[in-house]
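Reviewing the structure listed below.
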């Protein structure tokens with residue numbers, strides 16, 4: 001399977017000679033392999049493209065990507081952002097009573113996957129010519145582990161809360177004392193317990209917009225606010241960034257306890273914390289802005305070793321160069 005992706009933010013048709021069309025061998029023979037779209041940018045036909053790569057190398061802005069993918073992924077396409085847009089294949093599977101991890105670089109579909117599982121995006125299953133519908137989505141997932149979850153999201157029967165990734169932006173959109181924000185977020189009457197467990201007592205009177213709150217304190221604030229919500233599924237996007245090792249372990253213990261009662265999905269780049277916290281892990285691989293593939297769940301140690309090796313033995317795919325550690329005497 002071959003996919004053609006146009007990085008629209010890079011494409012500048014007014015500043016080039018449309019080299020992608022000019023040098024395409026199929027266009028030269030009369031085929032409409034690449035045409036100009038309504039917005040003046042090229043539209044690439046994946047059916048006609050032969051994958052020669054000339055357009056990729058000729059584009060002065062490196063805005064075109066032609067990628068070959070395994071044929072098996074054809075039936076696993078979950079969402080596509082328009083013609084020649086980013087594609088996400090497969091989804092992580094939240095599990096009751098288990099902490100599920102997502103391991104992979106940024107920019108390859110993590111936010112999209114979370115948005116779909118939380119109901120913010122209705123997946124179009126690659127059918128970009130029609131409006132996506134939950135009926136079509138439920139039919140696609142019928143008989144799979146994700147069916148009940150997607151049905152709950154579609155019928156507003158499942159409450160999902162997401163801890164944001166970029167905590168440094170919080171002072172720009174929120175104001176007030178930390179304790180007031182947390183009390184407002186508390187839906188379970190757990191304010192005192194969460195504050196004590198996350199060691200927030202010394203910062204409760206600080207004002208968020210003051211500019212005197214550290215990244216670690218903002219991280220603890222968002223973790224606490226998420227924990228205080230009453231939900232069926234909790235997403236924690238990088239809950240340990242900005243934290244020291246003591247705080248990371250502390251937060252991990254709290255999330256681990258939560259996963260015994262509720263569904264918890266954690267996106268984490270710290271492999272030690274991932275190993276400590278999660279039961280199963282989905283590896284996310286792909287190319288930034290082009291495509292992302294979610295692997296089937298793996299035992300946490302196996303997932304970490306696979307990620308470090310850069311090779312999926314089950315699918316015979318090398319997704320990155322191996323990460324090796326040197327030994328010094």
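Quick notes on this structure:
- Whole-angstrom gap from the stretch 133-174 to the stretch 271-327, using each part's C-alpha centre: 24 Å
- Label zone at residue 299 (point 7 Å along Cα-to-Cβ), backbone N below 18 Å, the stretch 95-111: 98-101
- In the elastic network of the chain, a GNM with C-alpha springs shorter than 10 Å, the most mobile of 229, 206, 95 is 206.
- Nitroxide proxy distance, nm - points 7 Å out along Cα→Cβ at residue 269 and residue 12: 2.8 nm
- The slack between residue 106 and residue 214, meaning 0.36 nm per residue of separation minus the straight C-alpha distance, is 36.6 nm.
- Over the chain: helical MRE at 222 nm, DSSP H runs n ≥ 4 each giving -39500 (n - 2.57), nearest 500: -8000 deg cm²/dmol
- Prolate/oblate/rounded call for the stretch 254-329, Cα gyration tensor, a/c under 1.5 rounded: oblate
- Counting 0.36 nm for each residue step from residue 287 to residue 317 and taking away their Cα separation leaves a gain of 9.4 nm.
- Cα point-scatterer Debye curve for the chain, base-10 log of I(q)/I(0) at q = 0.08, 0.11, 0.16 Å⁻¹: -0.46, -0.82, -1.31
- Gaussian network model of the chain, springs between alpha carbon atoms under 10 Å - residue of 88, 69, 146 with greatest fluctuation: 69
- For the chain, the longest principal axis of the C-alpha atoms and the axis of helix 245-259 are separated by about 90°.
- Fraction in percent of alpha-carbon pairs per bin - 10 Å, the stretch 2-68: 23, 61, 16
Each reported figure results from applying straightforward, stated rules to the coordinates on display, with no laboratory input. The shown structure was predicted, so the numbers you read here are calculated from the model rather than taken from an experiment. Using ideal geometry, Cβ is built from the backbone for each residue, glycine included, and neighbour counts are taken over all protein chains shown.
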